[in-house]
Amino acid sequence: CGTRIMAEKKPIVNYSGELKELQPGDTLPSQSNVIAKSKAGDESVTSSTTSQSDDHLTFNIGASETWVIQYDIFLTVGASTNLKWKISVPSGASAAAHIKAQGSAIGIGISDATSDTTTSASSQSGSNHGYYQIFAKITSSSTAGAVTLQWAQGTSSGTALTLKSRSKLVAVRE
């Protein structure tokens, strides 16, 4: 079963040696080199700094594969907390990442994206809404498994940190 294309934009993908401009409603073959997922609903964490696996921003990779991922994260957050995140990968895999906040010309490079990284989420535009892009490269070893964005509040707060339903990931196998 493939992935159904719902977006207005028409990405061009390469599978089976052919380039194809995708149209809304097209279905990618299940063995495609491109995976696109978005959150089906908002997801919140309150009063917890324990990383939890995102319910929607996850996909499986095979053994000895390399994937490049772009996460677009939309969130709401209280004034006194931050976003803590990491990427869970199969055993033996490596993960490097770069995160960039909306309106910031400077990003933060992370050599090991499998460890907790706390990013200031409360200072964006002086509001409680934020947008981040996380760019990651995952290389698996001999073990296949899930690649999952994990996140929590960086500072425990009674005001929820919410990843919004329009957050998404696009992953391309190299």
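The values are calculated or read from the model by the stated rules, or taken from the named source; none is laboratory data. None of the values given here were measured: they were computed from a predicted structure. Glycine gets a Cβ as well: all are built from the backbone with ideal geometry, and neighbour counts include every protein chain shown. Side chains included, ligands, DNA and RNA excluded: accessible areas come from the protein's heavy atoms. Shrake-Rupley method; radii C 1.70, N 1.55, O 1.52, S 1.80 Å.
Return the total of residues in the range 56-87 being within 16 Å of ILE35 (Cβ to Cβ) and under 12 Å from the mean Cα position of the chain (by Cα).
10
Residues in the range 131-174 that are within 12 Å of GLN70 (Cβ to Cβ) and among the aromatic types (Phe, Trp, Tyr): TYR132, PHE135. Here SER104 passes the criteria (1) assigned to a loop (DSSP other than H, G, I, E, B); (2) at pLDDT below 75; (3) closer than 18 Å to LEU161 by Cβ except the one numbered (3). A count restricted to the range 52-95 and to residues that are within 11 Å of GLN153 (Cα to Cα), in a loop (DSSP other than H, G, I, E, B) and either acidic (Asp, Glu) or open to solvent by 30 Å² or more (accessible area, probe 1.4 Å) (or both) stands at 2. Using beta carbons and a limit of 6 Å, which pairs, at least six apart or on different chains, have the first residue in the range 35-50 and part of a strand (DSSP E or B) and the second one aliphatic (A, V, I, L, M)? Close Cβ pairs satisfying both conditions: ILE35/ALA171; ALA36/VAL170; LYS37/LEU169; GLU43/LEU163; SER44/ALA160; VAL45/ALA152; VAL45/LEU161. Condition (residue is modelled with pLDDT under 55 and β-branched (Val, Ile, Thr)) applied to the range 22-44: is it met by at least one residue? Within the range 22-44, none of the residues are modelled with pLDDT under 55 and β-branched (Val, Ile, Thr).
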